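Chemist: There's a structure below that I have some questions on.
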Amino acid sequence: TSRLYKSEDRAASWTAISPELSKAENIANTMAYGTITSIATAASDSDVLYVGTDDGNVWRNSNQHNDWEDLTKGLPKRWVTSIAVSPTNAQEVYISFSGYRQAEYLPHLFKTTNGGKQWRDIAGDLPEAPINEILIHALNDNMLYVATDVGVFFSENDGTTWQMLGSNLPNVPITDLDIDHNSGLLAAATYGRSLYTYQLY
């Protein structure tokens, strides 16, 4: 919803642990805004949460209570599609956006190394298409994968340059990515063309 809820009894009951995180701003059209679209916890510190909304607001919480920090400054006012936190550093975070709702197709991908106080654009040479998901390789923080509306791309240098991954994905939006680090298999879910896998190693 526009608030983040938490359950400590396997979903038998829920408690709001945030205020309204969406500003419910209506941009570019008459459709309603006001929903949390991305949630990420830090593997290195489970008390740290990052949340993004469909109207471009990004928040950080470090105690799972009402002490929320607004990290939106310097970020585009676009739908937050995914948030990824470094497996070893709770301050190092990547965030992706889609401008599809505003008929704007620039790739929006940002990184912070200080918990969201400053953001750096790392979209680099990605094609002009919305980004739907970002993954960090669990064994190499410099290796990134993104799902876009025109395929899967990877970077070996923390977003400085990007290359398309593989050659036989259909030209449709890739909506979700996941890696099985035991087998080295990357799975990509498409919009309307089923599921594909790629052997990374």
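Chemist: Can you give the extra length, in nm with one decimal, that the chain gains between Asn89 and Thr1 once fully stretched, where that is 0.36 nm per residue apart less the Cα-Cα distance?
Modeler: Gain in length upon complete extension: 28.9 nm.
Chemist: A further question follows. Among the listed pairs Lys6/Lys73; Lys6/Lys77; Lys77/Lys111; Lys73/Lys117, which are separated by more than 20 Å between their Cα atoms?
Modeler: Working: Lys6/Lys73 26 Å; Lys6/Lys77 27 Å; Lys77/Lys111 16 Å; Lys73/Lys117 8 Å.
Over 20 Å Cα-Cα: Lys6/Lys73; Lys6/Lys77.
Chemist: So if each residue of separation counts as 0.36 nm, and I subtract the Cα-Cα distance between Met143 and Gln199, what length gain in nm does that give?
Modeler: Working it through step by step, the gained length comes to 18.7 nm.
Chemist: Once amide H atoms are built 1.01 Å from N in the peptide plane, which residues 5 or more positions from Trp162, or in another chain, come under 5 Å H to H?
Modeler: Here Asp125 satisfy the definition.
Chemist: Evaluated at 37 °C with a viscosity of 0.692 mPa s, what Stokes-Einstein diffusion coefficient in µm²/s does the chain have when Rh comes from the Kirkwood expression over alpha-carbon pairs?
Modeler: For the chosen part, D equals 188 µm²/s.
Chemist: Counting only heavy atoms of the protein chains, get the accessible area per residue of the range 59-201 (1.4 Å probe) and round it to a whole Å² value. Don't skip to the answer; put the middle values down first.
Modeler: Numbers: 6950 Å² over 143 residues.
Spelled out: the 1.4 Å probe surface of the range 59-201, per residue, equals 49 Å².
Chemist: Does a label point 7 Å from the Cα of Ala12, set along Cα-to-beta-carbon, have any residues of the range 41-74 with amide nitrogen under 13 Å, and which are they?
Modeler: Backbone N within reach: none found.
Chemist: Still on this structure, please answer the following. Quick one: Karplus J couplings for the range 43-54, per residue in order, coefficients 6.51, -1.76, 1.60, θ = phi - 60°, nearest Hz, x for Gly and Pro?
Modeler: 5, 7, 7, 5, 6, 8, 10, 10, 9, x, 10, 6
Chemist: Follow-up question, since we're still on this one. Could you go through the range 85-99 in sequence order and give the Karplus-derived ³J(HN,Hα) for each residue, using 6.51 cos²θ - 1.76 cosθ + 1.60 with θ = phi - 60°, rounded to whole Hz, and x for Gly and Pro?
Modeler: 9, 3, x, 10, 9, 5, 8, 9, 9, 10, 9, 10, 9, 10, x
Chemist: Given H placed 1.01 Å from N in the peptide plane, which residues other than close sequence neighbours of Tyr5 have an amide H under 5 Å from its amide H?
Modeler: Result for Tyr5 returns Ile17.
Chemist: Mind grabbing the accessible area of Asp178 for me, 1.4 Å probe, Å², rounded to tens?
Modeler: Asp178 exposes around 100 Å² with every protein chain in place.
Chemist: Residue-wise, which Karplus ³J(HN,Hα) couplings in Hz belong to the range 176-188, taking 6.51 cos²θ - 1.76 cosθ + 1.60, θ = phi - 60°, and x for glycine or proline?
Modeler: 7, 10, 8, 10, 8, 6, 6, 9, x, 9, 9, 10, 10
Chemist: Another question, if that's okay. Tell me which residues come under 5 Å, amide H to amide H, from Thr53 once H is placed; ignore anything under 5 positions away on its chain.
Modeler: Thr37, Val80
The values are calculated or read from the model by the stated rules, or taken from the named source; none is laboratory data. On a predicted model such as this, the values are computed, not experimentally measured, just so you know. All Cβ positions, glycine included, derive from the backbone under ideal geometry; neighbour counts span all protein chains shown. Only protein heavy atoms, including side chains, enter the accessible area calculation; ligands, DNA and RNA are left aside. Shrake-Rupley method; radii C 1.70, N 1.55, O 1.52, S 1.80 Å.
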